[in-house]
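None of the figures in this text is laboratory data; all of them are computed from the coordinates on show. What you are looking at is a predicted structure, and each value in this text was computed from that prediction instead of being measured. Note: ideal-geometry Cβ built from the backbone for every residue, glycine included; neighbour counts use all protein chains shown.
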Ligand code: GRF
């Protein structure tokens, strides 16, 4: 399956997906890495990995989010993309793009949804006194961080945690979860190895 990864920043989840796709047995190939920020560190990493990259800056489009998304959509289609993975893509999507890719667009979010949609999830989990936190891969729908859950991984919240230590613990799991969830999306019959037993991989 030909996938695109959409990023806005450092792209560590992107790198985890790149590493997974390097395995010839993995059922996805990366057709394109696309960023809305031309200076995203992740774009350099993708280029160095030998992947096709595109930067479609949102700033010239001003408030016209849909025009920006139409440019993205055209680029994805030109590249023959079949499935889109948002990986730290920090733009809210309009119904145009979520509709165009309905059922074919995944996102990773750093909380156990439906808890803590939106930003600053680690601060909010600590502030709420949560004992468990984690990450979620879900299908993208119109509502932000609301689509059907594909997979989740949980981590404990430990005494003395700061948003930074908690984020780092979650990020380790994000990098395991996203490739496993992508695999489940494109190859539902695949049986995950027992090493994945602590991640809840659900059929969407
Ligand atoms: C991750 O925590 C991801 O869950 C969230 O934004 C962060 C992106 O990090 N959506 P990276 O760019 O993948 O390193």
Computed over the chain: relative contact order in percent, which uses C-alpha pairs under 8 Å that are six or more apart: 19
Linear extension gain, residue 128 paired with residue 102, 0.36 nm per residue minus alpha-carbon span: 6.1 nm
Sequence of 26, 116 once ranked by neighbouring C-beta atoms within 10 Å, starting from the fewest: 26, 116
Value of [θ]222 nm, deg cm²/dmol, for the chain, DSSP H segments ≥ 4, -39500 (n - 2.57) each, nearest 500: -10500 deg cm²/dmol
Residues residue 189 and residue 61, FRET efficiency given R0 of 41 Å [Cβ-Cβ distance, rounded to 0.05]: 0.50
Scaled radius of gyration (Cα, divided by 2.2 N^0.38 Å) that segment 1-128 gives: 1.07
Footprinting exposure proxy for 53, 30 (fewest neighbouring C-beta atoms within 10 Å first): 53, 30
Span from the segment 91-105 Cα centroid across to the segment 19-34 one, whole angstrom: 22
